[in-house]
Amino acid sequence: MKDITYAAPKTIADAAALLNDKGDRARILAGGTDIIVQVREGRRDIDALVDIKHITEVNELTCDPTKGLVIGAAVPCCLIYENKAIAKAYPGLIDAVSLIGGIQIQSRASLGGNLCNGSPAADGIPVLIAMEAVCDIAGSKGTRSVPVEQFCTAPGKTVLQRGEFLIRFRIQAPKKQSGAAYLRFIPRNEMDIAVVGAGVSIQFDAAKSKCTAARIALAAVAPTPLLVAEAGAALVGTSLDDASIAKAAALAQAAAKPISDMRGDADYRRHLVGVLVKRALAIAIERAKS
Amino acid sequence: MTKKLHIICSINGQSAEFLCEPRNSLLEALRDELKLTGAKEGCNNGNCGACNVLLDGRLVNSCLVMAAEVEGKSVTTIEGISSKNGLHPIQQCFLEGAALQCGICTPGFIVAAKALLDKNPHPTEHEARHFLAGNLCRCTGYDKIIRAVLEAAECGAKK
Ligand SMILES: Cc1cc2nc3c(=O)[nH]c(=O)nc-3n(C[C@H](O)[C@H](O)[C@H](O)COP(=O)(O)OP(=O)(O)OC[C@H]3O[C@@H](n4cnc5c(N)ncnc54)[C@H](O)[C@@H]3O)c2cc1C
Ligand code: FES
Ligand code: FES
């Protein structure tokens, strides 16, 4: 690896000052499962790694039945899926964090890194979007909040400005009669990059007969993780019957703008969008009803 | 050249200190500074598991940990798996079951299997295969390796 410096600030202010000082010559080190490989292979040219794991706020993980879920940006996947309260209240999130890499990766990989790396194929992101997660960002000039679906702007690019970094995700308390799910397709069972991923969430009314809200988001079919608002909207007011689900899946397919690469060509990806959206909805419905 | 960092941590249950450059991985520090060459460099990008160690009890790829990050932490390498009474049952079962050929993947598999059995002493075959999916072997094939791990679980149960 090229010569770099390593710093481990203990406060948000110190980290922001460092990032502000060095601009794009510095990158944050969370779990390191993307950044260490990129720097080693010369795919990111930087001078400094800023390890944020000594900052209290980015390690927070709290699940409160009324206030909802707070996931610090650097919390590794393993702590999320080992948390019984989260596993019970947010099974859709567990779908995602338990399929990022293998056990070794999950010991380190964070959702913050998953998002800030800016990959359109990141597995953690569609379900966060489906669940309306919000990002809290801190910087040398103060803090701001951005919905997850607005965070990535292009492959490898995000809304973060000089000196800014992600502190946490906030997710609302799960409502009754709601459910979420994430599915991805890869050619083998684990350890590969998504060909397509689909994250969905749905909400039933009290009688569990009508859908009152729905969101559908996709991975690996556009330059950024993609919220397909019209696909979710098509489900609202329906009984989530097969015909409505088929319509939503078709809208998701129409919104997908996949590329062709060695993992699959564009038509194949579009086909997979339909399959995964339908299957993920079936799981989310089941969860909402149970 | 950047100034070297002085890192104090615990390695295999003993306090240890070493010097590293900020750009060094934990794998490099273990092998080149501490001469603990059990952990292997296979891919150097997180895919093969040959460099596996336990960091504060968690299974990690030491090629994807910066050496500077282990300040104050505890590291267990393959060298810390056996005891003075002899090989760990996992190691014994790998030997007896011929679960290795060239041996490059073996330290990683054994450390990973230790992490598995610490967490789940009686894994099903499916659970063992799933847990070890981040460890690659290019010569033995996985059947013998999985069998050795399940055998070790059974030995543990008998003890
Ligand atoms: C073998 C292997 C398998 C993998 N499998 C998968 C997979 O199945 N699915 C998947 O989605 N990904 C996978 N990945 C990619 C990677 O593990 C994930 O993207 C992971 O979530 C990254 O998190 P991290 O904490 O390791 O990030 P890091 O590598 O620490 O950081 C990633 C990027 O985000 C920036 N960053 C991190 N935190 C912040 C912050 N708080 N604020 C601002 N910027 C920040 C860093 O500077 C860096 O550019 C895999 C990687 C490997 C090596
Ligand atoms: S050398 Fe670390 S995972 Fe292959
Ligand atoms: S024994 Fe050679 S790689 Fe596994």
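The values are calculated or read from the model by the stated rules, or taken from the named source; none is laboratory data. Only a predicted model underlies this, so the values are computations on that prediction, with no experimental measurement involved. Positions of Cβ are backbone-derived with ideal geometry, glycine not excepted, and every protein chain shown enters the neighbour counts. The accessibility values were calculated without ligands, DNA or RNA, using every heavy atom of the protein model including side chains. Shrake-Rupley method; radii C 1.70, N 1.55, O 1.52, S 1.80 Å.
If you take the C-alpha gyration tensor of segment A:69-139, multiply each eigenvalue by 5 and take the square root, what semi-axes do you get, largest first, in whole Å?
Three semi-axes, in Å: 17, 15, 12.
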task: With a 1.4 Å probe and every protein chain left in place, tell me how much accessible area A:F185 has, in Å² to the nearest 10.
output: 60 Å²
statement: Cα-based Rg/(2.2 N^0.38 Å) for chain B, rounded to two decimals, is 1.04
field: Sequence of A:S260, B:S82 from largest to smallest accessible area, 1.4 Å probe
entry: A:S260, B:S82
- prompt: How much of the calculated P(r) for chain A lies past 36 Å, in percent of all Cα pairs?
  reply: 14 percent
Test item: B:66-73 mean partner chain Cβ contacts at 10 Å: 4
statement: A:A256 neighbourhood, Cβ < 10 Å, K/R = +1, D/E = -1, net charge +3
- prompt: Once the dipole of chain A is set up with Lys and Arg at +1 and Asp and Glu at -1 on Cβ about the Cα centre, which of A:A249, A:I46, A:I285 lies farthest towards its positive end?
  reply: A:I285
message: If the only charges are +1 at each Lys and Arg Cβ and -1 at each Asp and Glu Cβ, what is the size of the charge dipole of chain B around the Cα centre, to the nearest 20 debye?
response: 100 debye
- line: Volume per residue (Å³) of the convex hull spanned by the alpha carbons of segment A:5-51 is 60 Å³
- line: Largest first and rounded to whole Å, the semi-axes √(5λ) derived from the alpha carbon gyration tensor of segment A:178-289 read 25, 14, 10
message: Do any residues of segment A:90-120 show a loss of at least 20 square angstrom of accessible area between the isolated chain and the full protein assembly, using a 1.4 Å probe, and if so which?
response: A:I103, A:Q104, A:I105, A:S107, A:R108
statement: Here the net charge surrounding B:I7, from other residues whose Cβ is less than 10 Å away from its Cβ (Lys, Arg +1; Asp, Glu -1), is -2
query: At 25 °C and 0.890 mPa s, what whole-number value in µm²/s does Stokes-Einstein give for the translational diffusion of segment B:1-51, with Rh from the Kirkwood sum over Cα pairs?
result: 207 µm²/s
Of A:T238, A:A219, A:V134, farthest towards positive along the dipole that unit charges on Lys, Arg, Asp, Glu beta carbons give chain A: A:T238
query: Using a simple charge model, +1 on the beta-carbon of Lys and Arg, -1 on the beta-carbon of Asp and Glu, nothing else, what dipole does chain A show about its Cα centre, in debye to the nearest 20?
result: 400 debye
message: So with the 1.4 Å probe, I'd like the accessible area per residue for segment A:1-137, rounded to whole Å².
response: 35 Å²
query: How many angstrom separate the Cα center of segment A:138-164 from the Cα center of segment B:87-159?
result: 43 Å
Spherically averaged projected area in nm², based on the convex hull that wraps the Cα atoms of segment A:1-116: 7.6 nm²
message: Sorting check: for A:23-29, A:168-174, B:107-113, which peptide has the highest mean count of neighbouring beta carbons within 10 Å, and how do the rest follow?
response: B:107-113, A:168-174, A:23-29
query: Which whole-number percentage describes the relative contact order of chain A, with Cα contacts under 8 Å and a sequence gap of 6 or more?
result: 16 percent
- request: For chain B, calculate the relative contact order in percent as a whole number, restricting contacts to Cα pairs under 8 Å that are 6 or more residues apart.
  value: 23 percent
message: Report the A-B buried area as the accessible area lost on both sides summed, probe 1.4 Å, in Å² to the nearest 100.
response: 2400 Å²
field: Percent breakdown of C-alpha pair distances by 5 Å bin, ordered from the shortest bin, for segment B:65-159
entry: 2, 13, 24, 25, 18, 10, 6, 2, 0
query: Can you give the accessible area of B:L150, probe radius 1.4 Å, in Å² rounded to 10?
result: 40 Å²
- prompt: Which links in A:K2/B:K3; B:K114/B:K144; A:K88/A:K157; A:K157/A:K257; A:K88/A:K176; A:K88/A:K247 stretch past 22 Å when you go from one Cα to the other?
  reply: A:K88/A:K157; A:K88/A:K247
message: Sorting check: for B:98-106, A:196-204, which peptide has the highest mean count of neighbouring beta carbons within 10 Å, and how do the rest follow?
response: A:196-204, B:98-106
message: Are there any residues in segment A:1-16 with a reduction of at least 10 Å² in accessible surface when going from the isolated chain to the assembly of protein chains? Probe 1.4 Å, please list them by number.
response: A:M1, A:D3, A:I4, A:T5, A:Y6
field: Total charge dipole magnitude, segment B:31-90, about the Cα centre, Cβ charges on Lys, Arg, Asp, Glu only, Debye to nearest 20
entry: 220 debye
- request: Note down the accessible area of A:T11, probe 1.4 Å, to the nearest 10 Å².
  value: 60 Å²
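Which net charge results when you count Lys and Arg as +1 and Asp and Glu as -1 among the other residues whose beta-carbon is under 12 Å from that of A:G68?
+2
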